[in-house]
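The values are calculated or read from the model by the stated rules, or taken from the named source; none is laboratory data. Everything numeric in this text was worked out from a predicted model, so none of it was measured. Here the Cβ positions follow ideal geometry from the backbone for every residue, glycine too, while neighbour counts run over all protein chains shown.
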Amino acid sequence: MRHWIARQRYLIDYTVAAMARRKARNLGLLLVYALVVFVLASVLLYGHALRREAALLLAEAPEVVVQRLLAGRHELVDVNDLERLRGIRGVRRVEGRLWGYHYDPIASANYTFMVPPEGTVAPGTIHVGAALARTRGAEVGDVLAFRGVDDRLFPFQVAAVLSPDSAIVSADLVLLGESDYRAFFGIAPGRFTDIALTVANPREARTVAEKVLRALPGSRPILREEMRRTYAALFDWREGMVLVLLSGSMLAFAILAWDKAAGLSADERREIGILKAIGWDTGDVLGMKLWEGALLSLLAFLLGFALAYAHVFLLGAALLAPAMQGWAVLYPGFALIPAIDGLQLATLFFLTVVPYTSATLVPAWRAAITDPDQVMR
Amino acid sequence: MRPSSVVLSFLVLVVTAFGGSLLHAGWHQWQGGALLAPTRALVRDLRLTDLVLFTEARYTRHPSQADRHTPFQDHPVALEHFPSGSLFGPPAHLTSHAPLDRPTALSD
């Protein structure tokens, strides 16, 4: 074993010395290789972390949301609708949700106004999301005024700013009391935006949704599973778009790497011929080439992945966030919880390290089995 | 110093960085529930349904709650005009809603 290790170290010594003779070319290849892995790994890590976070958070969303549609458009629900749904077996709780949008011309941004079900906000006060507070420069105790449905100004005192840690779900929220909400939007008592259902057995949500359709013809039940799938599809789509944009440069790199790995220069062929002439056997030459390919691709993979991890989870994915998150006046600032998908990692490894390493072997093997005299000529 | 020592030292360094990232992620996965707990509680308490990614239009702010064809309802022959709309696909319920759709009694 010690003999084998010593032999491999001598092979690595020789390989590194041979690579150092073409220092600029090999270092350049290593850097570009690592950069390609860095970009690919950044996209995959960021997409996976966003998908996972969305899935974890939306696991707490209502099991079923019921909307009423009128002529294909969203319509307010009536308190009688809630009563009808309470009669469905398997439904534990039926709540009317009150929420809506308000455009604020001062910040040129849309806010989501919402009434908390527990009624925790006192009349005349609001709780605001962190991004909204930042955009309007509002702090606890300040008064924010918005124009309501009849163009009347409604002043609200900011009673609390929601934690920036939860900005991914609350950045643009304005939480207010029910009476303030109804007065602000001119919505009569007994009318709600939609209905949130709590189902006793979440596995029965689909059956409950079918019963909702029978109880309220013309309504549209949206299952929690569909909300989660919407976000999984959204991030898949964006990840795919970024990868498509990158595919041109990936292809260019693949051609460069293949050319470098699969074609031996005249110098390299002569070198193999000399090694054979002074007593190296084919196995030694292949071992040397294997080390060359493996060291280069492994270093590039590990370096690229570690840099991508630091970029996404320690530096907030500064290069990717605009493309993956989108744009908005109220931009939620949030830190993703680090997560690595083992399958993605393995795929990245097998797509970057294995092809390059194996591509270096075939031409070296061809040169190594040829007569040294012929190779050197 | 032997050339192999230099390269192997560098390799150990990047392997350590790689292993560190796996451990860091693993630790956060383990802690994940606790770190996200306040946000999950907010989603549960407020009955939230969507993430705040784009706030410029109702169908980008709440994609999972969007009306059917809502991007095209502003006026006849309206084309969807917010840039983020081109950055994500249609909500899942618009493309795979079959089990909840009722068959029509009359032919279209």
Selection count, the range A:101-146, where residues are free of Cβ contacts under 8 Å to residues at least 24 places away in the same chain and either touching a Leu at 6+ places or on another chain (Cβ under 6 Å) or of a type in the set (A, V, I, L, M, F, W, C) (or both): 5
Scan of the range A:101-113 for residues that are within 29 Å of residue A:215 (Cβ to Cβ) and surrounded by fewer than 17 Cβ atoms within 10 Å (Cβ to Cβ), ordered by number: A:101
Boolean, residue A:60 is in a loop (DSSP other than H, G, I, E, B) and at pLDDT below 85: no
Residue count for the range A:320-330, restricted to those that are modelled with pLDDT of 65 or more and surrounded by 15 or more Cβ atoms within 10 Å (Cβ to Cβ): 2
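Condition first: part of a strand (DSSP E or B) and under 36 Å from the mean Cα position of the chain (by Cα). Can you find one or more residues in the range A:129-142 that meet it?
no
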Entirely in the range B:1-105, the helices (runs of 4 or more DSSP H) that have 3 or more residues that are within 30 Å of residue A:343 (Cβ to Cβ) and either modelled with pLDDT of 60 or more or in contact with a Cys (Cβ under 6 Å, 6 or more places away or on another chain) (or both): B:3-46
Unique residue being out of contact with any Ser or Thr (no Cβ under 9 Å at 6 or more places or on another chain) and of a type outside the set (A, V, I, L, M, F, W, C) when the list is A:218, A:273: A:218
Residue list for the range A:155-203, restricted to those being over 22 Å from residue A:109 (Cβ atoms), within 13 Å of chain B (Cβ to nearest Cβ) and either of a type in the set (Lys, Arg) or surrounded by fewer than 18 Cβ atoms within 10 Å (Cβ to Cβ) (or both): A:198
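Per-residue answers, yes or no, for (1) in a helix (DSSP H, G or I); (2) closer than 30 Å to residue A:214 by Cα:
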| site | (1), (2) |
| --- | --- |
| A:20 | yes, no |
| A:56 | yes, no |
| A:82 | yes, yes |
| A:92 | no, yes |
| A:96 | no, yes |
Selection count where residues are in contact with a Ser or Thr (Cβ under 9 Å, 6 or more places away or on another chain), buried (at least 16 other Cβ atoms within 10 Å of the Cβ) and either at pLDDT below 90 or away from chain B (no Cβ under 11 Å) (or both), scope the range A:67-84: 5
Qualifying residue in the range A:145-154 (condition: surrounded by fewer than 17 Cβ atoms within 10 Å (Cβ to Cβ), of a type in the set (Asp, Glu) and part of a helix (DSSP H, G or I)): no
Only listed residue being among the polar types (S, T, N, Q) and farther than 28 Å from residue A:152 by Cβ, chosen from A:110, A:80: A:80
